[in-house]
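I have placed the structure first, in the form of structure tokens, so that the comments after it can refer back to it.
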Amino acid sequence: MAEGEPKAKKIKVEEKKLSQNTLFGMGNPLLDISAVVDKDFLDKFGLKPNDQILAEDKHKALFEEMVKKFSVEYHAGGSTQNSMKIAQWMIQEPQGVATFFGCIGTDRFGEILKEKAEEAHVDARYYQQEEEPTGTCAACITGDNRSLVANLAAANCYKKDKHLDLEENWKLVEKAKVYYIAGFFLTVSLESILKVARHASEQNKLFSLNLSAPFISQFYKQQMMEVMPYVDILFGNETEAATFAREQGYETEDIEEIARKAQDLPKVNKKRQRVVVFTQGKDGTVLAKGDKVMTFPVLEINPSDIVDTNGAGDAFVGGFLSELVQEKPMEQCVRAGHYAANVIIRRAGCTFPDKPDFH
């Protein structure tokens, strides 16, 4: 370039660099034991083809029989932990944007969960205790349905005073801008959820909750409604939304109407109006935001490409949160959720390729 020639100005759009621990999740870390089973197996243990339940005494033999009878795969799971991994995968850089808290045992399964979290570049801080073994979840797959039976074990032993309240852990909570907890954790530590939710509300940060399963709305209604006033974004699928509506006495099965009513439930932080997001499998995702309710079609997929729908809901949330922490519009968050879910259902377990291809 000749001297004195004006230099071409470089126009660079500054992408805001995310800092570590911006996204916080807390929940039940479980090792998924998944297998394609048959109807007889579901019937024997009284399982519905598409459901999520907590293991009872009658299910104790299910885990052993599944391993004996069918070809099983082990995957690091737990709803919130899955979502944190997917969000981190979508974000890629820097590593450790997603933080995860939960309780495991001092056993081989616990070590696997640690290794898998590390591989996914999630900053997982587990509370480890010796009384209970690491929790497991049987994913019984038939066709494109999955019936989940969770044996929480160690996951059920999470203690606010033993972990969340510790200064080095609470500092990570304070660093975060977006919080996500699956409704499943309502069965474990309501006081931990409330502490995080109140912090988010007081600091005008985003707190999100998932309805997670019909049984949560039915049997943990009181706990859920204690947290609801702090919820900025409520997630769920169509079955969970219908159960929630029934339990709340909404007298409607219209999903848009349910979303609107959930949006209007009392809220502590008036600076943010609640947003409600309901997925419906292959049907469009409903987003209630402001005074509008919109439906976004999901990405098309050939049914023969579907390998495993377990983790689709977690993946949707992970994709959604990955854009939300970057302060992208809600519509873009939904698109990212659809992309992540579309990737996950083509693979066994909540697993993903090296890099996302989302624009």
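The values are calculated or read from the model by the stated rules, or taken from the named source; none is laboratory data. Not measured: the values here are computed from a predicted model. No Cβ is skipped: glycine too gets one built from the backbone with ideal geometry, and neighbour counts run over all protein chains shown. Ligands, DNA and RNA are stripped out before the accessible areas are found, and what is left, the full protein with its side chains, is counted by its heavy atoms. Shrake-Rupley method; radii C 1.70, N 1.55, O 1.52, S 1.80 Å.
So, in segment 278-306, exactly how many residues are under 12 Å from Asn237 (Cα atoms) and aromatic (Phe, Trp, Tyr)?
Residues meeting the conditions: 1.
Residue under question is Gln222, and the condition is that it be under 22 Å from Thr80 (Cα atoms), surrounded by fewer than 15 Cβ atoms within 10 Å (Cβ to Cβ) and of a type outside the set (Lys, Arg); does it hold?
In short, yes.
Listed residues Val276, Val286; which is under 25 Å from Thr22 (Cβ atoms) and either touching a residue at least 12 places away in the same chain (Cβ under 8 Å) or touching a helix residue (DSSP H, G or I) at 6+ places or on another chain (Cβ under 9 Å) (or both)?
Residue meeting the stated conditions: Val276.
Rundown of residues vs (1) open to solvent by less than 20 Å² (accessible area, probe 1.4 Å); (2) free of Cβ contacts under 8 Å to residues at least 60 places away in the same chain; (3) touching a strand residue (DSSP E or B) at 6+ places or on another chain (Cβ under 8 Å), yes/no style:
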| site | (1), (2), (3) |
| --- | --- |
| Pro133 | no, yes, yes |
| Cys157 | no, yes, yes |
| Glu191 | no, yes, no |
| Ser212 | yes, no, yes |
| Glu226 | no, yes, no |
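Name the one entry in Lys58, Lys85 that is part of a helix (DSSP H, G or I), among the basic types (Lys, Arg) and over 23 Å from Arg347 (Cα atoms).
Of Lys58, Lys85, the one residue that is part of a helix (DSSP H, G or I), among the basic types (Lys, Arg) and over 23 Å from Arg347 (Cα atoms) is Lys58.
Rundown of residues vs (1) at pLDDT 95 or above; (2) under 24 Å from Arg146 (Cβ atoms); (3) more than 20 Å from the chain's Cα centre (by Cα), yes/no style:
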position	(1), (2), (3)
Gly311	no, yes, no
Phe320	yes, yes, no
Leu324	yes, no, no
Tyr339	yes, yes, no
Ile344	no, yes, no
Cys350	no, yes, no
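Would you be able to tell me the number of residues in segment 141-150 that are crowded, with 22+ Cβ neighbours inside 10 Å and either among the hydroxyl-bearing types (Ser, Thr, Tyr) or farther than 12 Å from Leu42 by Cα (or both)?
Residues flagged as crowded, with 22+ Cβ neighbours inside 10 Å and either among the hydroxyl-bearing types (Ser, Thr, Tyr) or farther than 12 Å from Leu42 by Cα (or both) within segment 141-150 amount to 1.
Identify the residue in segment 90-110 that is out of contact with any strand residue (DSSP E or B) (no Cβ under 9 Å at 6 or more places or on another chain) and in a helix (DSSP H, G or I) and, among all such residues, is surrounded by the most Cβ atoms within 10 Å (Cβ to Cβ).
Residue satisfying both the conditions and the ranking: Met90.
Taking Lys221 and the conditions (1) over 23 Å from Ala315 (Cβ atoms); (2) charged (D, E, K, R); (3) without any contact (Cβ under 8 Å) to a residue 12 or more places away in the chain, which numbered condition does it fall short on, given that it satisfies the others?
The one condition Lys221 does not meet is (3).
So, in segment 115-124, exactly how many residues are crowded, with 17+ Cβ neighbours inside 10 Å and farther than 12 Å from Gly78 by Cβ?
3
Select from segment 62-80 the residues that are under 11 Å from Gly311 (Cα atoms), open to solvent by less than 10 Å² (accessible area, probe 1.4 Å) and assigned to a helix (DSSP H, G or I) and list them in ascending order.
Within segment 62-80, Thr80 is the sole residue that qualifies.
Need the failing condition index for Gln81 against (1) among the polar types (S, T, N, Q); (2) in contact with a strand residue (DSSP E or B) (Cβ under 9 Å, 6 or more places away or on another chain); (3) over 19 Å from Leu30 (Cβ atoms), just the number.
Status for Gln81: all satisfied but (3).
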